[in-house]
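A short worksheet on the structure shown next.
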Amino acid sequence: MPDHSANNGPRTTARQAIGLVTDAFTEHSPPPLPGGSAAPDGPLGWEGYDASRARAAGRTGEEESVVFGEADVSGHRCALLAFEFGFLGGSLGRRTGDRITAAYRLARERRVPLVSLVATGGSRMQEGMVALRQLQRVARESVLLREAGVPHVAVLRDPSTGGGWATVGAGADVILALPGAQVGFAGSRVRPPDADPAAYTAEGQLAAGHVDAVVPAGELRGTLARWVAALARPAPGPVPPPAALTDGGTGGTGGLPGTGWDAVRRARDPRRPRAEAYLDAYFSYRLPLGGDRCGGTDPGLLCGVGVREGRGVAYVAQCGTATLPAGYRTAARVIRLADRLGLPVLTLVDTPGAANDAEAERTGAGAAIAETFAAVAAARVPVTTLLIGEGGSGGALALAAPDNTWTTPDAYFSVIAPELAAAILKRPPEDAPHTAEQLRLRPQDLLELGVVRGIV
């Protein structure tokens, strides 16, 4: 049901929101009503419904709670829909559903990105189940948009709650939010009285992995333009691996390690270049995607879309820590998104292995790793992998392209860490260097074994 309660920050009208992010907007007319007219007081004959709609129209100047049409976002053509919260709380009724589904179809038919500016309190009570069923219509259009490979970027305004959040908002490929916006399936009047209010904010949803970025209003136009450009212009073909970065800490990357233990020590050197340095050198700019959409995040994994030579490339990069189940689920999500939109993928491998503590097991380590293996295996877009540090067992291999993995000289790849291998073989800890030699984990060994295509 719509929530008309007080908000956490200033609200914008639909027209103000459109003006905030577009250079030009051409409104489209809604589809004609079946039979030419609506039933008096709506499908339920709810007393006073027509009068409420008329008052809402008088206050807002809008005929419904959604405006849609074609827009120019910094030179990029888009289909756009914007909710008007002042019209019955931005609630969804049958005519709202007509407009939303028309916007999705417009994006699909024109093959231009869809931008949704969400501000809604939920489904319209005065239309009962007829209103609630609009969520199924929106879900179907969302599926068709994905099948067509057309990107969808949602901007969550205040408030974004109920079915509008659970379909238009949460169903988007990229989810941005304005600071302080109320975001959650339950509006403030229907959630438990002892609920933590922070969980229902844009910032809380970001921390829980349900939102990709919280963007101040003054930066929204530029951020949205960069996203639209990156998603709409994928890089052609497989991308080359990044060049190896040199650093004084390891004496440079020109030479190869002499022994297996040397390779392990170089990969573990804290002064070695890490994922962020590689990404910054490789891309003109990066747009982050964060969270597994299941309530989890992994600060040791960087994901998103980067722009290289004006074209979009999806990336997943491990940062040298044990990867959490949420990290693998986020990686799989990003790889599947890239596959739908035709974006090539770059992965950077650097982990001692998957997290293996009790919490990792409780949150589904095995299933999450399997999901990542499957996403890489199923990808129709080219995947390029560069091993930049530690390659610890299956937790590292899950992100490696089967036939297009490269390595730097400061890296190793192994079926298991040398210390753990020695322990399994009941060898003393001081035997780890010898075990490392037996594992043949050096870059040159990996090349000879056919595990990698080359040493960059």
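Using mean Cβ contacts within 10 Å as the protection proxy, how do 408-419, 77-88 order, highest first?
Values: 408-419: 23.6, 77-88: 26.0.
My ranking of the peptides, most packed first, is 77-88, 408-419.
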Among 232, 192, 182, the residue whose Cα sits farthest towards the positive end of the charge dipole of the range 14-232 (+1 at Cβ of Lys and Arg, -1 at Cβ of Asp and Glu, taken about the Cα centre) is 232
Log entry: pair-distance distribution for the chain, C-alpha pairs binned every 10 Å from zero, whole % per bin is 4, 20, 26, 21, 14, 9, 4, 2, 0
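So what is the 222 nm mean residue ellipticity for the chain from helices alone, if each DSSP H run of at least 4 adds -39500 (n - 2.57) and you divide by all residues, rounding to the nearest 500 deg cm²/dmol? Can you show the working numbers first?
Values: 16 runs with 158 residues, N = 456.
Mean residue ellipticity, 222 nm, calculated: -10000 deg cm²/dmol.
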The Cα extents of the range 14-232 along the principal axes, largest first and rounded to whole Å, are 47, 46, 32
Extension length gain for residue 109 and residue 189 (0.36 nm per residue less Cα distance), in nm, is 24.9 nm
Quick calc, the chain, dipole around Cα centre from Cβ unit charges on Lys, Arg (+) and Asp, Glu (-), nearest 20 debye, gives 860
Out of 24, 296, 391 - ranked by how far each Cα lies towards the positive end of the dipole of the chain, with unit charges on the beta-carbon of charged residues - the top one is 24
Sorting 270, 444, 405 by the position of each Cα along the dipole of the chain (Lys, Arg +1; Asp, Glu -1; all at Cβ), the one nearest the positive end of that ordering is 405
Quick calc, the range 372-456, dipole around Cα centre from Cβ unit charges on Lys, Arg (+) and Asp, Glu (-), nearest 20 debye, gives 280
Among the Cα-Cα pairs of the range 248-455, the proportion with separation greater than 21 Å, in percent, is 51
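Sort 91, 123 so that the residue with the fewest other Cβ atoms within 10 Å of its own Cβ comes first and the one with the most comes last. Numbers along the way, then the final one.
Details: 91 28, 123 24.
In increasing order of surrounding Cβ atoms, one gets 123, 91.
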What the Cα atoms of the range 141-238 span along the principal axes, largest first and in whole Å, is 52, 31, 21
In whole angstrom, the spacing between the Cα centers of the range 294-363 and the range 381-420 equals 14
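Strictly greater than 27 Å: what percent of every Cα pair in the range 200-330 meets that?
32
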In whole Å, largest first, the alpha carbons of the range 186-276 cover along the principal axes 67, 38, 25
D (µm²/s, integer) via Stokes-Einstein for the range 144-185, Kirkwood Rh across alpha-carbon pairs, 10 °C, 1.306 mPa s: value 150
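Could you list 305, 153 in order of exposure, starting from the residue whose Cβ has the fewest other Cβ atoms within 10 Å?
Working: 305 28, 153 23.
The order, fewest Cβ neighbours first, is 153, 305.
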Sorted by chain and number, the residues with a modelled amide H under 5 Å from that of residue 28, at a separation of 5 or more or across chains, are 68, 69, 70
Rounded to the nearest 10 degrees, the helix 365-378 long axis (Cα) sits at an angle to the longest Cα principal axis of the chain of 90
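Read the figures in this text as sums done on the coordinates, not as results from a lab. In this text, all values refer to a predicted model and were calculated from it rather than measured experimentally. Note: ideal-geometry Cβ built from the backbone for every residue, glycine included; neighbour counts use all protein chains shown.
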